[in-house]
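The values are calculated or read from the model by the stated rules, or taken from the named source; none is laboratory data. A quick note: this is a predicted structure, and the numbers were derived from the prediction, not measured. Glycine also receives a Cβ, built like all others from the backbone with ideal geometry; neighbour counts cover every protein chain displayed. Just the protein is used for accessible areas: all its heavy atoms, side chains included, with ligands, DNA and RNA removed. Shrake-Rupley method; radii C 1.70, N 1.55, O 1.52, S 1.80 Å.
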Amino acid sequence: MTSRLLLSACRRLAFSGLLVCSSIAVAAATGTDNNNPKAASATNSSSSTAVVRGIDVSRWQKEVDWDMVSQSGVAFSFIKATEGDYRQDPFFARNWEETKRHGIKRGAYHFYKPEIPVARQVELFTSTVTIEPGDLPPVLDLEVMDREVTPEQLRRDVRTWLEAVTAHYGVRPIIYTGQNYYRRYLKGHFPEYHFWIARYSDVKPETYHTDSWMFWQFTDRGSIAGINSAVDINFFAGDFEQLSLLCVPEFTAYSRYDKESPLSQLKHLQPLP
């Protein structure tokens, strides 16, 4: 039942993404906040289409006042957890707990370093991040390249990371990248994964016909109450209900006598299409 709902939601996203884009530029330019944190969306005054807005944070934003952020129309936040095979973001644990406490949908991401063995990067992320029902899928952040790594090797290693993390959490990750990086290295090679694309323009992200984008990082110079520095602003290609369906599902029943924990049970679900 859960997998059918997710599949249905993802199909609808392809259509809703076209509707969302017409209102994104106005919402971002005006910095409009919604005073209703339950709705957690910004609305274009010239359209009835709701734009679901979120942010992503790391150590660069330092200590965030999540209470203020939660009152600023922010529906979701992606939080940097790890980088390469050695670095944990010093603010991850605090950001991870505070977003949940304030009712903001949270997701964790790993900054990928092509020159570092992929198995060690998988180990660092999976040993750092515990995903719970209601959380967004994990994210692989692809931004840098190494001259000693060929594009073919990059793609092989990226697929290894994605498949290992899928096996660990039971949910398929999202790929974050910039528009140019996508065109050069990823276009058409990962059709089974959804993309989160950074494109600082009034023009929506462009993807190959086999690919789909689910999140758009619209600017890296956003301003949000509770954050004392510039912050990335992102939009989701759907409504708040569809964002909720994307999250790891809740379990309706769980007994302490069960042999498997809810997270272990999750591994038996069909991953996102």
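Numbers for the structure displayed
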read-out: His194, His168, His209, ranked by accessible area, largest first (probe 1.4 Å); value: His209, His168, His194
read-out: Net length gained if the chain between Ile116 and Glu63 were fully extended (0.36 nm per residue, minus Cα distance); value: 16.2 nm
read-out: Given Lys62/Lys105; Lys105/Lys204; Lys100/Lys204; Lys80/Lys113, the pairs whose alpha carbons are separated by over 21 Å; value: Lys105/Lys204; Lys100/Lys204
read-out: Considering only the range 77-214, percent of DSSP beta bridges that pair antiparallel, nearest 5; value: 10 percent
read-out: In Hz, Karplus ³J(HN,Hα) per residue of the range 77-94 (6.51, -1.76, 1.60; θ = phi - 60°; x = Gly, Pro); value: 9, 9, 10, 5, 9, 9, 9, x, 10, 9, 10, 9, 5, x, 9, 4, 4, 5
read-out: In Hz, Karplus ³J(HN,Hα) per residue of the range 199-214 (6.51, -1.76, 1.60; θ = phi - 60°; x = Gly, Pro); value: 8, 8, 7, 7, 9, 4, x, 10, 10, 4, 5, 8, 9, 9, 9, 10
read-out: Net charge dipole size for the range 75-208 [Lys, Arg +1 and Asp, Glu -1 on Cβ; Debye, nearest 20]; value: 300 debye
read-out: Trp213 long-range amide H proximity, modeled H, under 5 Å; value: Phe195
